[in-house]
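Asker: Encoded as structure tokens, here's the structure I'll be asking about.
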Amino acid sequence: MATPTEQMNEKLSFRRFNDGDNEWDDFSEKIFREDTSYKCPTYIHKTPPCQGSCPSGEDIRGYLAIGRGQEKPPEGVERDEYMFRRSTDANPFPAMMGRVCPAPCQDGCNRNDVEDFVGINAVEQFIGDTAIEKGYKFPVGEAKDQRVAVIGGGPAGMSAAYQLRRMGYGVTIFDENEELGGMMRYGIPGYRIPRDKLDAELNRIVEMGVDLRLKTRVGRDVSVEDLEKEFDALLWALGCQSGRGLPVPGWEGTPNCVTGVAFLKAFNEGRLKVTAERVVCIGGGDTSIDVVSVARRLGYVKNMNPTDRPELVIRDGYVAHDAAVTAAAQGSDVTLTSLFTKDKMMAAEHEVQDATTEGVTILDGVMPLEVIVGEDGRATGLKVCDCTMDGMKPIPVEGTERVLEADLIVSAIGQGGDMSGLEDLANERNLIDADKFFQVPGKEGHFVAGDIIRPHLLTTAIGQASIAAESIDHFLRREEQVKRPKVDVHHFDLLEKLHEAGKDPEPFDPTVGDQRGTSTANYAVHNFENRAEQEVIPSSELFLGHFSFTPRNKRSEEVPSAEVVLGHFHERLHPYSEEQMVAEAKRCMSCGMCFECDNCVVFCPQDAVFRVKKTEATTGRYVDTDYNKCIGCHVCSDVCPTGYIQMGLGE
């Protein structure tokens, strides 16, 4: 009779093994005696942290693999076009994002744990500029009957129009400005975003067959009700093009106190050609850096006619400076104040350094207290003091109060939405609510993307627009919304790659095929598991010892000194050469995907891991395992640089 479990737990009659018997004295003995191990190599595809950190979800690892020549394009497609297609699957603005995106992808790059991140932004700029030079166009999907109204022609609206046209839907864009681009055009200076490149990337989307209704404000020139009758779905991509004033005494109603958004819009429209002698900007983010950099480039005119004061141009959308006034311009004294210290400012570190090089005085750890107003009603200075931060709340330091003299005070502390005429859609923050599918709650057929949800990065707006376009597609097909992936990006799909290469698996016949699994039949993708929708691979799962110290290939920059910044509007970032692009793409560690280094093949003691035949191989299917030879020694997993091989099967 079997011994009861209780007695087995209480009265152990013997011990089969002594302590330590489960450990091998010699590692080589362990390798060659583990032939009974049930653990063998499994090829696990995961999302790399660069892509996981990218708000628009670009397949960065993919286009870097194409750039270095490891992933081959299909027949008839050149490398540069294939990189462009892979990049723009998620983001139709590579030339723009390669220049101005603050690159959270580079912050997340696992290569930071070796020596330095991969220059993803610079490669993306190469992709975008090359595509413009070679005239690449976007394909349009098979035409559908439904039509979508996109309200707003900025990065979110244009990206949504692009994705919807790829699906075949008719798209009409409404925008109150004379030109498309939103904050890319009206919020970022031309020396950071060259207008010829911006126009090229915008026009490429319009050429897909997008209808335009410019200088048309929804809620004023056309009603929401009329749009609901004319279109099958509406996407709100209004952006946030109104700035926030300083919440301090003296700001409200003072003419020479303006917002950073208004300042940059007047400059980018070509109306603001000179600024004031002493400019004080309050901020610390990217907008404030653009304000002070522009102010240093514009300068001021000493004996300015009162009718030419910069605040009059900024506040009036029709007044403009005469170009002749710039001839007498002198360098302005420009100061930027920030609540946070320089190491914690929202602006990118290199942007802060560039502003300092250009002659901007940066006062960090400083909070505004009051606008000092003169007898004529204009501001003469800004009272400030030092501060410490309790989270996001500034705590003033007593006894540090002082006044910064100013002829123009610019508030660059955030942006807001202009919902006039659209009050029914506005929430308590004067923005628009969105659910997880970027639908407007309680408004069937209404969707939303971009800054009007919450002001953030351009690439965030682009990523939201892509998801919103998918949601619109589900809505127009009358399909129930499915749960989105935990890692919500544009994933590499091995089956799509096999199809592209003409290597589709054979159809599975359940009456003939073994449903328990197979390592030989061609209807299955052997020992491959896709976890990219659930997991981002950390550097701890990589074999970092494989990678040698390789300095980053840095783009050359033209950052003018304080002495020559006046009137300097040349583009700041110079693009990679082709050689630089390839060299930088080779620094990518291909986290979570095989990059064909052969380590597993070379180091396998049993010759169990082998290269797939060239006629059958493609990206993601470079190696396979003969399980009759595998002894489960784990060596292939240990030497895999990318973390693509994990020991599994049977668990």
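Read the figures in this text as sums done on the coordinates, not as results from a lab. Just so it is clear, the model here is predicted, and its values are computed rather than measured. Neighbour counts are summed over all protein chains in view; Cβ atoms, including those assigned to glycine, are modelled from backbone coordinates with ideal geometry.
Asker: Which stretch or stretches of segment 232-247 have amide N atoms under 19 Å from the point lying 7 Å from M392's Cα along the Cα→Cβ direction?
Answerer: Those under the cut-off are 240-247.
Asker: Which percent, nearest 5, of DSSP beta bridges in the chain are antiparallel?
Answerer: Working: 28 of 67 bridges.
Counting DSSP beta bridges with both partners in the chain, the antiparallel share is about 40 percent.
Asker: Something else now. Report the GluC sites (Glu not before Pro) located in segment 55-86 that are in a DSSP loop and have at most 14 other Cβ atoms inside 10 Å of their Cβ, or state none.
Answerer: Values: sites: E58, E71, E75, E78, E81; in loops: E58, E71, E75, E78.
Taking segment 55-86 and a limit of 14 other Cβ atoms within 10 Å, the loop GluC sites (Glu not before Pro) found are E75, E78.
Asker: Which whole-number percent is the relative contact order of segment 244-414 (Cα, under 8 Å, 6+ apart)?
Answerer: Details: 387 pairs, mean separation 56.0, N = 171.
Result for segment 244-414 is 33 percent.
Asker: Right, next: Per residue of the chain, what 222 nm ellipticity follows from adding -39500 (n - 2.57) for every DSSP H run with n ≥ 4, rounded to the nearest 500? Intermediate values should be presented prior to the final figure.
Answerer: Details: 21 runs with 179 residues, N = 651.
Value at 222 nm, helices only: -7500 deg cm²/dmol.
Asker: For segment 600-606, just list the computed ³J(HN,Hα) in residue order, Karplus coefficients 6.51, -1.76 and 1.60, θ = phi - 60°, integers in Hz, with x standing in for Gly and Pro.
Answerer: Values, residue by residue: 5, 5, 5, 8, 5, x, 9 Hz.
Asker: Additional query: What full-extension length gain, to one decimal in nm, is calculated for L495 and V319 as 0.36 nm per residue of separation minus the Cα-Cα distance? Please report the intermediate quantities before stating the final value.
Answerer: Working: separation 176, 0.36 × 176 = 63.36 nm, distance 5.80 nm.
Going from the current span to full extension adds 57.6 nm.
Asker: Also: Each residue of segment 336-342 in order: what ³J(HN,Hα) in whole Hz does its phi give by Karplus 6.51 cos²θ - 1.76 cosθ + 1.60, θ = phi - 60°, with x for Gly and Pro?
Answerer: Result, ordered by residue: 10, 10, 9, 4, 8, 5, 4 Hz.
Asker: Quick one: which residues, 5 or more positions from G284 or on another chain, have an amide H under 5 Å from its amide H? H modelled 1.01 Å from N in the peptide plane, none for Pro or chain starts.
Answerer: Answer set, sorted by chain and number: I289.
Asker: Contact order normalised by length for the chain, with contacts defined as Cα pairs under 8 Å and 6 or more residues apart; what percent is it? List each step's numbers first, then the result.
Answerer: Numbers: 1316 pairs, mean separation 139.6, N = 651.
Computed value for the chain: 21 percent relative contact order.
Asker: Take the Cα radius of gyration of segment 35-175 and divide it by 2.2 N^0.38 Å, with N its residue count; two decimals is plenty.
Answerer: 1.26
Asker: Against the empirical 2.2 N^0.38 Å scaling, what ratio does the C-alpha Rg of segment 244-414 come to? Please list the in-between numbers first.
Answerer: Values: Rg = 15.3 Å, N = 171, 2.2 N^0.38 = 15.5 Å.
Computed over Cα atoms of segment 244-414, the ratio equals 0.99.
Asker: Just order 156-165, 333-342 by mean Cβ neighbour count inside 10 Å, highest at the front, would you? Before the final figure, lay out the partial values.
Answerer: Numbers: 156-165: 29.0, 333-342: 21.4.
Ranking, from highest mean packing down: 156-165, 333-342.
Asker: Taking amide hydrogens as modeled 1.01 Å from N in the peptide plane, which residues meet the under 5 Å criterion relative to G381, leaving out close sequence neighbours?
Answerer: Amide H neighbours of G381, under 5 Å, 5+ apart: I372, A406.
Asker: In nm, to one decimal, how far is the modelled label at K483 from the one at T216, with both set 7 Å along Cα→Cβ?
Answerer: 4.1 nm
Asker: Oh, and also: Just subtract the alpha-carbon distance of E375 and E179 from 0.36 nm times their residue separation and send over the number in nm, one decimal. Working shown, then result.
Answerer: Working: separation 196, 0.36 × 196 = 70.56 nm, distance 4.06 nm.
Taking 0.36 nm per residue and subtracting the Cα distance, the gain is 66.5 nm.
Asker: I'm spelling it out carefully: the read-out is Kirkwood radius over Cα pairs in Å, the candidates are (i) 32.9; (ii) 24.2; (iii) 28.0, and one was derived from this structure. Which label?
Answerer: The listed entry that was calculated here is (iii).
Asker: For labels at N427 and V403 in the simple 7 Å Cα→Cβ model, what's the distance in nm?
Answerer: Taking the simple label geometry, N427 and V403 are separated by 4.2 nm.
Asker: For segment 150-256, what is the relative contact order in percent, using Cα pairs closer than 8 Å and at least 6 residues apart in sequence?
Answerer: Worked out over segment 150-256, it gives 37 percent.
Asker: While we're on this one: From the gyration tensor of the Cα coordinates in segment 454-506, what semi-axes in whole Å does the equivalent ellipsoid have, largest first, with each one equal to sqrt(5λ)?
Answerer: Values: eigenvalues 150, 59, 20 Å².
Taking √(5λ) for each Cα gyration eigenvalue gives 27, 17, 10 Å.
Asker: May I ask which residue of T254, I362, T307 lies farthest towards the positive end of the charge dipole of segment 244-414, with charges of +1 (Lys, Arg) and -1 (Asp, Glu) on Cβ and the Cα centre as origin?
Answerer: The residue sitting most towards the positive pole is T307.
Asker: Note the full-extension length gain between K554 and N628 as 0.36 nm times their separation in residues minus their Cα-Cα distance, in nm to one decimal. Don't skip to the answer; put the middle values down first.
Answerer: Working: separation 74, 0.36 × 74 = 26.64 nm, distance 4.83 nm.
Full extension from K554 to N628 adds 21.8 nm.
Asker: Taking the Cα centroid of segment 334-371 and of segment 200-225, what is the distance between the two, rounded to the nearest whole Å?
Answerer: 37 Å
Asker: Can you work out ³J(HN,Hα) from phi for every residue in segment 248-262, in order, using Karplus 6.51 cos²θ - 1.76 cosθ + 1.60 and θ = phi - 60°, giving whole Hz and x for Gly and Pro?
Answerer: Running phi through 6.51 cos²θ - 1.76 cosθ + 1.60 with θ = phi - 60° gives 10, x, x, 6, 4, x, 7, x, 8, 10, 10, 8, x, 4, 5 Hz.
Asker: On a 20 Å Cα-Cα criterion, which of the cross-link pairs K72/K613; K344/K586; K342/K393; K72/K486; K144/K497 come out too long? Mind dumping the intermediate values first?
Answerer: Numbers: K72/K613 16 Å; K344/K586 32 Å; K342/K393 17 Å; K72/K486 29 Å; K144/K497 27 Å.
Cα-Cα > 20 Å for K344/K586; K72/K486; K144/K497; rest within.
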